[in-house]
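Have a look at the structure below before the remarks.
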Amino acid sequence: MDAEAQENFREFVAGRSTALLRTAVLLTGGDRHAAEDLLQNALVKAAGRWQRIDDPEAYVRRILYRQQVSRWRLKWWRREVTVAEPPDTGHAPDASGAAELRLVLRTALSRLTARQRTVLVLRYFEDLPEADVARILGCSVGTVRSTTHRSLARLRVLAPELSALGGEQRPSRDFSPLEVRP
């Protein structure tokens, strides 16, 4: 599209888009968002043929009508079937306890030093052996062990509710792979 045609298209959109949007809103049954999508798609199609269009408003309106009919046809195939009783979906377990523990763990981890957090993440989240953690951090295996021990002890003080998970209720992989053992 050359510069003159582009300018004509911009003027058309600026001058007629309000009226065309009202038509689109009526076509979509009052759904403004669907109407905006419908009008935008129609204008995109019109822009591609702009230099060959004799009556732009009639052309865009025809696109609006035809696209809306196509949407109706597509919706007919996707329409939900109503039934007398809704299907049994079962009940999802209450995840509020796990969410609360995640928040407690996040707060407790934020109160550890960067080194302590790093050691715990590498050991328990990344599930790396002590030797690999030592290599990554550039320290000895003994330093990794002592830092891990002190970090877990500090976590137990900061968040005693995490220590309660030690025996009977371990956090799942979704909760956090950091295992805090008493």
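The values are calculated or read from the model by the stated rules, or taken from the named source; none is laboratory data. These figures come from a predicted structure and were not determined experimentally. With ideal geometry, Cβ positions are generated from the backbone for all residues, glycine too; neighbour counts draw on all protein chains shown. Surface accessibility is based on the protein's heavy atoms, side chains included, excluding ligands, DNA and RNA. Shrake-Rupley method; radii C 1.70, N 1.55, O 1.52, S 1.80 Å.
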### Message
Full-extension gain between ALA98 and ARG117, please, as 0.36 nm times their residue separation minus the C-alpha to C-alpha distance.
### Response
4.8 nm
### Task
On the full set of protein chains, 1.4 Å probe, figure out the accessible area of ASP94 and give it in Å² to the nearest 10.
130
### Summary
The local net charge around ARG111, scoring Lys/Arg +1 and Asp/Glu -1 for residues other than ARG111 whose Cβ lies under 12 Å from its Cβ, equals +3
